Amino acid sequence: MRAEEVIATHGNTDFDAFAAMHAARRLYPEAVVAVGALNRNVRDFYRLRAEELRPMVEVARLELDAIHPLIGIQATNASRLGDLEPVAPDPSVENALFEPHVEVVTD
């Protein structure tokens with residue numbers, strides 16, 4: 001599948017990453033949410049609510065060379081993106097990162 005704007009997160013996606021990906025769609029309405037493995041509870045929830053949520057695509061179905069930008073959710077380290085890891089460090093790909101668990105330290 002050829003998708004330019006892609007929203008992705010870490011493997012074994014939990015509820016906070018799942019929700020954050022869907023929230024990111026508000027900022028990137030044309031983006032495709034790409035998933036690898038979902039946590040069992042998230043997978044069950046998605047199956048129950050799939051008609052209410054926009055479809056998601058499996059990461060393995062994406063053409064990696066078409067991605068621009070890559071919107072990463074809870075993936076401060078590219079290795080957490082699984083099959084999308086090679087895309088993140090590519091200088092020609094714009095990256096946006098949303099990490100709600102980062103601790104801000106001020107003096």
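Per residue, the accessible area of the chain comes to 62 Å², computed with a 1.4 Å probe over protein heavy atoms only. Surface listing: HIS68, HIS22 arranged by accessible area from highest to lowest gives HIS68, HIS22, probe 1.4 Å. Annotation note: GluC sites (Glu not before Pro) in the stretch 13-67 located in DSSP loop regions with a Cβ neighbour count of at most 14 within 10 Å are GLU30, GLU51, GLU52, GLU63. Sort the chain into rounded, prolate or oblate with this rule: let a ≥ b ≥ c be the square roots of the eigenvalues of the Cα gyration tensor; rounded if a/c is under 1.5, and if a/c is not under 1.5, prolate when a/b is larger than b/c, oblate otherwise. The shape class here is oblate.
Shown for the chain: the carbon plus sulfur share of the solvent-accessible area, taken with all protein chains present and a 1.4 angstrom probe, equals 50%. Spacing of the modelled spin labels on MET1 and ASP14, each 7 Å from Cα toward Cβ, amounts to 2.6 nm. Simple point charges give the picture: +1 on the Cβ of Lys and Arg, -1 on the Cβ of Asp and Glu, and for the stretch 1-70 a dipole about the Cα centre of about 220 debye. A crude spin-label estimate for the pair HIS22 and ARG54, with each label 7 Å from Cα along the Cβ direction, gives 1.3 nm. What the Cβ-Cβ distance of GLU94 and ASN39 gives, at R0 = 30 Å and to the nearest 0.05, is a FRET efficiency of 0.60.
For the pair ALA78 and LEU64, label points projected 7 Å from Cα toward Cβ lie 1.0 nm apart.
The values are calculated or read from the model by the stated rules, or taken from the named source; none is laboratory data. Quick caveat, the model's predicted, so the values are computed rather than measured. FYI the Cβ positions are ideal-geometry reconstructions off the backbone, even for glycines, and counts take in every protein chain you see. Heads up: the accessible areas ignore ligands, DNA and RNA and are worked out on the full protein's heavy atoms, side chains in. Shrake-Rupley method; radii C 1.70, N 1.55, O 1.52, S 1.80 Å.
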